[in-house]
Amino acid sequence: MVAKNTICLWYDGTALEAAQFYAETFPDSEVRAVHRAPGDYPSGKEGDVLTVEFTVAGIPCLGLNGGPAFKHSEAFSFQIATDDQAETDRLWDAIVGNGGQESACGWCRDKWGLSWQITPRALTAAFTDPDRAAAKRAFDAMMQMRKIDIATIEAARRG
């Protein structure tokens, strides 16, 4: 059954490759269906993969091989909450190590141009600390990071 709300992500012929990577990398993710074009279209031929139904961390997505006209931007990102440094490292390293690119403050971009926020739950807890000085110290520490280092965030929060 098709979900009521699905995120449609545009790819230039690589939707299946991306969906397979996400399914292998993120828990509660899978490739559910691959649909081939019933005829030629502007960026492909009959029989080419046109769309891929998949989930990323439980979120239903549709990968559309629409061609080179549109690119991903940081205006859209997946934010993945991690439980510890090992999970943070594993996901960050999977994305960056597979042709992706590091960015700042826990953000990275995969090789298809899609942005990800690998966000430890400890970071969210630090930002929402009722002690606003502790929250600011954690925020200031995060602003110096690429991949989030939980021990550094917690040390900054404690002061």
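Right, Leu50: hydrophobic (A, V, I, L, M, F, W, C), in a strand (DSSP E or B) and either open to solvent by 30 Å² or more (accessible area, probe 1.4 Å) or closer than 22 Å to Arg157 by Cβ (or both) or not?
Yes, satisfied.
Residue under question is Ala104, and the condition is that it be over 28 Å from Leu64 (Cβ atoms) and in a loop (DSSP other than H, G, I, E, B); does it hold?
yes
Per-residue answers, yes or no, for (1) open to solvent by less than 70 Å² (accessible area, probe 1.4 Å); (2) among the small types (Gly, Ala, Ser); (3) not in a strand (DSSP E or B):
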| site | (1), (2), (3) |
| --- | --- |
| Leu9 | yes, no, no |
| Gly13 | yes, yes, yes |
| Gly39 | yes, yes, yes |
| Thr55 | yes, no, no |
| Gly63 | yes, yes, no |
| Lys71 | no, no, yes |
| Asp89 | yes, no, yes |
| Gly99 | yes, yes, yes |
| Cys108 | yes, no, no |
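Take the residues of the range 112-159 that are assigned to a loop (DSSP other than H, G, I, E, B) and of a type in the set (A, V, I, L, M): which is most open to solvent (accessible area, probe 1.4 Å)?
The extreme case among them is Met143.
Being hydroxyl-bearing (Ser, Thr, Tyr) and open to solvent by 50 Å² or more (accessible area, probe 1.4 Å) is the filter here; which residues of the range 73-85 pass it?
Ser73
The values are calculated or read from the model by the stated rules, or taken from the named source; none is laboratory data. Small disclaimer: the values here were computed from a predicted structure and weren't measured. FYI the Cβ positions are ideal-geometry reconstructions off the backbone, even for glycines, and counts take in every protein chain you see. Side chains included, ligands, DNA and RNA excluded: accessible areas come from the protein's heavy atoms. Shrake-Rupley method; radii C 1.70, N 1.55, O 1.52, S 1.80 Å.
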